Amino acid sequence: MRANEDQLRAWMIGGLDGDAAAHASLLRALVPLLRSFYRRRMSAGSDDIEDLVQETLIAVHTRRGTYDRERVFAAWLFAIARYKMIDQFRRNRRTVPIEGLEDMLVAEGFEETSIARMDIDDLLSTLPAKQARAIRATRIDGASVSEAANAAGIGESDVKVSVHRGLKALAARIAGQRL
């Protein structure tokens, strides 16, 4: 399961306060986020991506003292990731066409998507597991009701009911938060 912004931030602050286990959890949780970030922006092979992930993790570790506890953790993380990617381009003397430069260097879309994904994970974690799995399969991963039912080993009507009840519960939670 992916960690959300609050969990990442809590691990970061825990690490800053000397909790080695929290710091290790943070670094482990960052690996899939960083891989996804770099895969979306790089055409190079997986070795370059893995190198960038490792360099970014090292930078997060060595520069953790620069993190402002009052700010969003993901924004700080992705700023470091962007700089590491730019450094990689410079080292390899890679040029990027001017038309593609903005797409390569601006990570706001990815950051927003990542934060939204963490928010969705948070919301789904409040539901019973069967409802969360059905919603994730059909509404997020794009599986058909039939595919979701087969994968979960349940009937199609069970998937439909689980999705309906889960979405209804989520809508009620979201509406209650806005009040």
statement: Sequence order, the range 29-37: Karplus ³J(HN,Hα) from phi using 6.51 cos²θ - 1.76 cosθ + 1.60, θ = phi - 60°, Hz rounded, Gly and Pro as x, gives 5, 6, 4, x, 4, 5, 4, 4, 4
- request: Sticking with the crude label model, points 7 Å out along Cα→Cβ, report the distance from Ala75 to Thr126 in nm, one decimal please.
  value: 2.4
message: At 7 Å along Cα-to-Cβ for each site, give me the label-to-label distance between Ala152 and Asp6 in nm.
response: 2.5
query: If the cut-off is 20 Å between C-alpha atoms, which lysines fall inside it for Lys130, apart from same-chain ones fewer than 8 positions away?
result: Lys160, Lys168
query: Counting only protein heavy atoms, what percent of the accessible surface of the range 1-74 is carbon or sulfur at a 1.4 Å probe?
result: 47
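The values are calculated or read from the model by the stated rules, or taken from the named source; none is laboratory data. Since we're looking at a predicted model, the values are computed, not measured. Note that each Cβ is placed from the backbone with ideal geometry, even for glycine, and that neighbours are counted across all protein chains shown. All accessible areas refer to the heavy atoms of the entire protein, side chains included, with ligands and DNA or RNA removed. Shrake-Rupley method; radii C 1.70, N 1.55, O 1.52, S 1.80 Å.
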